[in-house]
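Note sheet for the following structure.
The values are calculated or read from the model by the stated rules, or taken from the named source; none is laboratory data. None of these values were measured; they are calculated from a predicted model. Positions of Cβ are backbone-derived with ideal geometry, glycine not excepted, and every protein chain shown enters the neighbour counts. Each accessible area value is taken on the protein alone, full model and side chains, heavy atoms only, with ligands, DNA and RNA left out. Shrake-Rupley method; radii C 1.70, N 1.55, O 1.52, S 1.80 Å.
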Amino acid sequence: MKTKALTLASWNVRTLLDDTKANRPERRTALVARELARYNVDIAALSETRLAERGQLTEIGGGYTFFWSGRSSKERRETGVGFAVKSIHVQKLASIPVGLNDRLMSMHLPLGKKTSATIISAYAPTMTNPDEVKDKFYEELDSLIASSKSEKLIILGDFNARVGADYHAWHNVVGKHGIGNCNSNGHLLLRFCSSHNLVITNTMFRLPTRNKTSWMHPRSKHWHLIDYVIVRARDRQDVRVTKAMCGADCWTDHRLIISKLKLLIQPKRRPQGQKVKKRLNVNNLKDPKKLQDFQEHMHNNIADLQLNQSSIEDQWATFRDAVHSVALECLGPATRYHQDWFDENDAEIQELLDTKHNLLRLHQNDPSSMAKKAAFTKASSKVQAKLRHMKDSWLSAKADEIQSFADRNDMKNFYDALKAVYGPKPSGSSPILSADGSTLLTEKKLILDRWAEHFNSVLNRPAQINNEAINRLPRCP
């Protein structure tokens, strides 16, 4: 019997920022979610996200929830880490992922048989960074591992290091199937893994070279392995395979690293004997026929209802259940719509991406062919232009609908339409204007201070009382 494996991934997505000037399409999170779903990834550690502060958003159509940790919005953002978790697994987590800084983020994963795992998303400094920055990174990673109380530890990310293939010198860290030569950053990583009894699973499996490497040097055009999946030595038997996926593409120069482990996420225990009542579609009450039908059924049901229970609580429960059953029969359950411009054009977007993926495979099979490279580049540009055209068309089509909602003062529908237009909104503080209206405040502390100032000015106004007018009022005995 084949046991289901937990699929983890490490991916340097280069940047998730939407930049109209760059050769990248909008809604990168939706495209990343689509690629992860294509490879059935449960949890992916993302690096070089370049998103500000800490936050999360959910791609409803893609089926993934993104968590990230980065620098403040006022600093230059060249780093950033995060997680992409299947939305069906988010509710199973004991807590949401915690960001230590812009290079390290961790999450606690409950497993079966009362065990747990700590997953760390890491983005190590590059070769050009000073030694102080590299030492600080490994010190913080060491502290994070020391504070972990889980039985299992999994570290995923871009370490910007080449560990090489010297199995005899580092047999306790690397396997027999490493690739390339070791550099100075690689020595730092090897020494760190040796001190914590960790193994680099990328080097443990006999695979083709294209499934071992993850990044191509822009000048030499040589492929190297710098993205890793690292576990404790005693847990190496849990890893079925770790390899690079050449077909994954999201406008990044890194390959997606997939690792399948013999682990299962423990679902939260459901409360026994409790049924959650379905929400009602109250919008059907706007239909006169359905409203009349509901009133008639409710009148007949209430007339036949017998409240013979002794306690008030039991009588109320009987009455409540009767009303809910009639309402559910007449109005039906509520349906939730999270459609936005990306999900509404799902079939057309998928067709464009499939064409782009096919051209990518042809280019990888014959890298020397300039015609195949040109075809792939043209397809990428076409996807980008088409996505922008779809968004603009959808917005223009929805403009009249939004205006009609606003004219009718239907605030709930107006708010729903706005949510559909702008897609998933990151959780966290929304930017607001300063008191004079000249500056947009994005830092959380400044936003809270501005709200305090606003409410103080609204609620603590001086009393406008005319004492002379009060004195002229006739006094009653």
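Annotations for the structure displayed:
- Enumeration of residues in the stretch 284-311 that are touching a residue at least 40 places away in the same chain (Cβ under 8 Å) and among the polar types (S, T, N, Q): Asn284
- In the stretch 90-97, the condition of being within 30 Å of Gly63 (Cβ to Cβ) and in a strand (DSSP E or B) is met by no residue.
- Of the candidates Leu109, Leu100, the single residue that is at pLDDT 90 or above and under 25 Å from Arg34 (Cα atoms) is Leu109.
- Within the stretch 352-373, the set of residues being open to solvent by 50 Å² or more (accessible area, probe 1.4 Å) and within 24 Å of the chain's Cα centre (by Cα) comprises Asp354 only.
- Count of the stretch 9-41 residues which are open to solvent by less than 10 Å² (accessible area, probe 1.4 Å) and either touching an Asp or Glu at 6+ places or on another chain (Cβ under 7 Å) or among the charged types (D, E, K, R) (or both): 8
- Matching option when the condition is out of contact with any Leu (no Cβ under 6 Å at 6 or more places or on another chain), open to solvent by 30 Å² or more (accessible area, probe 1.4 Å) and in contact (Cβ under 8 Å) with a residue 12 or more places away in the chain, among Ser143, Ser95, Ser147, Ser116: Ser95
- Residues of the stretch 440-461 satisfying the condition of being of a type in the set (Asp, Glu) and touching a strand residue (DSSP E or B) at 6+ places or on another chain (Cβ under 9 Å): Asp449
- Complete set of residues in the stretch 441-477 that are surrounded by 10 or more Cβ atoms within 10 Å (Cβ to Cβ) and either touching a residue at least 40 places away in the same chain (Cβ under 8 Å) or not in a helix (DSSP H, G or I) (or both): Leu441, Thr442, Glu443, Lys444
- Selection status of Lys425, modelled with pLDDT of 80 or more, of a type in the set (Lys, Arg) and within 34 Å of the chain's Cα centre (by Cα): no
- Single unsatisfied condition, Trp170 versus (1) of a type in the set (Phe, Trp, Tyr); (2) under 25 Å from the mean Cα position of the chain (by Cα); (3) under 19 Å from Arg236 (Cβ atoms): (2)
- Matching residues in the stretch 151-170 - criterion: being open to solvent by less than 10 Å² (accessible area, probe 1.4 Å), farther than 14 Å from Leu190 by Cβ and either in a loop (DSSP other than H, G, I, E, B) or touching a helix residue (DSSP H, G or I) at 6+ places or on another chain (Cβ under 7 Å) (or both): Leu153
- Glu151, sole failed condition from (1) on the phi > 0 side of the Ramachandran plot; (2) modelled with pLDDT under 95: (1)
Quick grid of which residues meet (1) outside any helix (DSSP H, G or I); (2) farther than 19 Å from Leu8 by Cα; (3) aliphatic (A, V, I, L, M); (4) in contact (Cβ under 8 Å) with a residue 24 or more places away in the chain:
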residue	(1), (2), (3), (4)
Thr49	yes, no, no, yes
Gly62	yes, no, no, yes
Trp68	yes, no, no, yes
Arg76	yes, yes, no, no
Thr79	yes, yes, no, yes
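- In the stretch 191-218, the residues that are part of a helix (DSSP H, G or I) and either within 18 Å of Pro367 (Cα to Cα) or polar (S, T, N, Q) (or both): Ser194, Ser195, Thr201, Asn202, Thr203, Thr209, Arg210, Asn211
- Pairs where the first residue, in the stretch 171-184, is open to solvent by 60 Å² or more (accessible area, probe 1.4 Å) and the second is among the hydroxyl-bearing types (Ser, Thr, Tyr), C-beta under 7 Å, 6+ apart: Asn172/Ser194; Lys176/Tyr167
- Lone qualifier among Lys243, Lys221, Lys260 - being open to solvent by 70 Å² or more (accessible area, probe 1.4 Å) and assigned to a loop (DSSP other than H, G, I, E, B): Lys221
- Check on Arg191, in contact (Cβ under 8 Å) with a residue 60 or more places away in the chain and either within 24 Å of Asn129 (Cα to Cα) or surrounded by fewer than 18 Cβ atoms within 10 Å (Cβ to Cβ) (or both): no
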